[in-house]
1. Sort out for me the helices (runs of 4 or more DSSP H) sitting completely within region 219-311 that have 2 or more residues that are more than 30 Å from N176 (Cβ to Cβ) and free of Cβ contacts under 8 Å to residues at least 60 places away in the same chain.
2. Conditions: (1) surrounded by 21 or more Cβ atoms within 10 Å (Cβ to Cβ); (2) farther than 18 Å from C301 by Cβ; (3) in contact with a Pro (Cβ under 7 Å, 6 or more places away or on another chain); (4) at pLDDT 95 or above. H211 meets all but one. Number of the miss?
3. Please work out which residue is nearest to D304 (Cα to Cα), limiting yourself to region 209-218 and to residues that are out of contact with any helix residue (DSSP H, G or I) (no Cβ under 7 Å at 6 or more places or on another chain) and part of a helix (DSSP H, G or I).
4. Are any residues in region 50-104 at pLDDT below 65, more than 20 Å from the chain's Cα centre (by Cα) and among the β-branched types (V, I, T), and if so, which ones?
5. Quick check on region 47-76: of everything there that is among the small types (G, A, S) and within 15 Å of V204 (Cα to Cα), which residue is surrounded by the fewest Cβ atoms within 10 Å (Cβ to Cβ)?
6. Condition first: under 15 Å from K131 (Cβ atoms) and at pLDDT 95 or above. Now tell me which residues in region 151-170 satisfy that.
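The values are calculated or read from the model by the stated rules, or taken from the named source; none is laboratory data. What you are looking at is a predicted structure, and each value in this text was computed from that prediction instead of being measured. No Cβ is skipped: glycine too gets one built from the backbone with ideal geometry, and neighbour counts run over all protein chains shown.
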Amino acid sequence: MDHTLKKDDTYYESIIKKGHSRRDFMKFATFITAFMGYESSVVGQVAKALETKRRIPVIWEHFQECTGCSESFIRSDHPLVADLILDSISLDYTDTLMAASGHNAEEAKQESMKENYGKYILIVEGAIPTKDDGVYCTIAGRTAVEILKESAAGAAAIITFGSCSAWGGVQAASPNPTGSVPVDEIIKDKPIIKVPGCPPISEVMTGVIVHYATFGTIPDLDSMGRPKQFYGKRVHDSCYRRPYFDAGLYAETFDSEEAKKGYCLYKLGCRGPVTYNSCGTMGWNNGVSFPIKSGYPCIGCSEDNFWDNGPFTERLVNVPGMGIEATADKVGKIALGATAVGIAGHAILTNIAKKKEMKVAHEMAEKNKNRIKD
């Protein structure tokens, strides 16, 4: 077999050429289908698409960022995720990871965009500074604004990886000296999929690309442009510390006994109740952990303006959502009160039941006596 990767290879062909087996491929199809939130019956559809469809050309631009999203992407513990992004999706340009540089890299990008006009995916990592004609992010003498507009012109869809390109990032924190803005403030005529997080989870990033490759459409998005299958629930809803929150059991300090026992981190500033992400269900490092499990409160990094939403360790005063949570400080008292009422109610019901049982037993005994007399 020719192990040289070709641009017209399918995903499956490129995976096999990388030395992976058919079994590895099916494991990946099952793995990514589950992560995308679909039932097992969809695995066949995903596998068939990856077997038959030509790899989607990808242009990956880096602007005002720390490269943390790329780091997250390439450090997935699943062996095929890194291959999928670095090789199998036909990554034609990324100025951070590609071997070529300078004129050769730029020529490769221009050639790919021309050859695949209207068909490639544009991935953007990093915010776009606009102040002073955008001079605060200049690459090869061209501003990020200029490069973004050129790269977006022939894109079929745009994926913004990370909170910088999705919301503006910490660079846009007050007073925003460089005038940083997210991609959608500059590009208005393309479908944009926002995959926020600082950084996003690797498998989420992969799942978005595979969804597009499989179905040929962008996934269902929420009102803020995020894929619902990954950002449809609050971190709070899937947090293993949630029972402690409901019971009003909180860690008061990071070094307290309560913190060591895994009590809720709400009073230490946890933004889980107002943050939509998959951290609690998918985890990081092959699902081993996520920030809250590591003992630190969620800072809400996938939410817009998270960097200016108050100190990260400052308790939320009001928590929108499920009724009682609007006054979370009272949860403990109410929960304990409800428990006491429940115990008292249970005792009353138990006594009533016992009295009924005694009455029935007494009546049966009287009947038996009468039978013996007869």
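1. Counting at least 2 such residues, we get 242-247, 257-260, 279-282.
2. H211 satisfies every listed condition except (4).
3. Filtering region 209-218 down to residues out of contact with any helix residue (DSSP H, G or I) (no Cβ under 7 Å at 6 or more places or on another chain) leaves 209, 211-212, 215-217.
Checking the rest, the ones that are also part of a helix (DSSP H, G or I) come to 209, 211-212, 215.
On the way: I209: 22, H211: 24, Y212: 24, F215: 28 Å.
So the residue we want is I209.
4. Once the filter is applied, which keeps residues that are at pLDDT below 65, more than 20 Å from the chain's Cα centre (by Cα) and among the β-branched types (V, I, T), region 50-104 yields only I89.
5. Only one residue fits best here, namely G68.
6. Hit for region 151-170 is G168, nothing else.
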